[in-house]
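Reading through the structure tokens given below for one structure.
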Amino acid sequence: MKAIRVKLHQDLVNYKKPNSFQLKETYPLPPYSTVIGMVHTLCGFKEYKDMKISVIGKYNSKVNDLYTRYEFKNGMNYESGRHQLKVGTYGICRGISTVELLVDVELLLHIIPTDQTLVEEIEKAFLFPIEYPSLGRREDIVTIHQAKVVEIISDRIDETIDMFEVYSAYIPLEEMEKIRLKNREEGVSISGTRYRLNKNYELFNIGTKNKPKYIRKWNKVDVVYGSNISVLRKKIVTMDEDQNILFAI
């Protein structure tokens, strides 16, 4: 099994949580759907390509910034005392809101397409992108430090392996029995922050055959976001040819 290992850097970025509006909160690392979306955009895929993703990385700090926010209601006519913008006969409110940003993000991604014939195509898309790559918001530009095809192996390890202390990861729940988080408190079975992250979606028609109206139904995965990770001895773990451990799902 082969994967594309990608090392990225971003100066300021927001990986928006779906239900945060007044303050656009950010995930600590990009969710799987965001990474998959970047891959599909760079490769120019017009239909979904199934793949597993491993997300490991870190950031240095968080800051809050202001952005221009536009609000409108479908079919609401323009009122001079209420709206700042007029589009045709409709009114739009313009104001400011706050966005949470991660500073100096470093990411180590492993992309494992189910169709292994796509490996070289995905690698080429990162080496020679057709447009500037972004991850998160459209303006969250990515600097690509490495894109390399690596061999993925699963093997039983004889000794406990300590991963880089400064790096954190999304760890699937089924992998938690294989690892130890050094900041685990006594009496706590699982430390870290638990998330239900979007991975991919299916389109469902909630309209009629003649007047279709499609919505996205997201497939979600349960993970724990943790740091100070140790992989326990005598466990079967997945790693690349350079012994970088990954948690792919």
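Please treat every number below as a calculation from the coordinates, not as lab data. Not measured: the values here are computed from a predicted model. Every residue, glycine among them, receives a Cβ derived from its backbone with ideal geometry; neighbour counts consider all protein chains shown.
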Starting from the Cα of K234, draw a straight line to each of the lysines and keep only those under 23 Å, dropping any in the same chain fewer than 8 residues away.
-> K178, K182
Which of E151, E241 comes first, and how do the rest follow, when ranked by fewest Cβ neighbours within 10 Å?
-> E151, E241
Candidate aspartates and glutamates - alpha carbon under 18 Å from K49, same-chain residues fewer than 8 apart omitted = D115, E120, E121, E123, E202
For Y48, Y167, ascending order of other Cβ atoms within 10 Å (fewest first) is Y48, Y167
What net charge is computed for the residues neighbouring Y132, neighbours being all others with C-beta under 14 Å from the C-beta of Y132, Lys and Arg scored +1, Asp and Glu -1?
-> -2
In terms of modelled amide H atoms, which long-range or inter-chain residues lie less than 5 Å from the amide H of T160?
-> R233
Length-normalised contact order of the chain in % [C-alpha pairs under 8 Å, at least 6 apart] = 26 percent
Out of residues 5 or more away from R69 or on other chains, whose amide H comes under 5 Å of its own, with H placed 1.01 Å from N in the peptide plane?
-> G95, I96, S97
Per-residue Cβ neighbour rank within 10 angstrom, fewest leading, L29, L173 | L173, L29
Connecting every pair of Cα atoms under 10 Å apart in the chain and solving the GNM, the largest mean-square fluctuation among S191, S97, S54 falls on S97
Hydrodynamic radius by Kirkwood, which averages 1/r over all alpha carbon pairs of region 18-92, in angstrom | 16.6 Å
Reachable lysines from K211, Cα under 25 Å, same-chain residues fewer than 8 places away excluded?
-> K46, K73
If you bin the C-alpha pair distances of the chain every 5 Å from 0, what whole percents do you get?
-> 1, 5, 11, 14, 16, 15, 13, 9, 6, 4, 3, 2, 1, 0, 0
Over region 1-82, what is the mean sequence separation of C-alpha contacts under 8 Å (at least six apart), divided by residue count, expressed as relative contact order in percent?
-> 19 percent
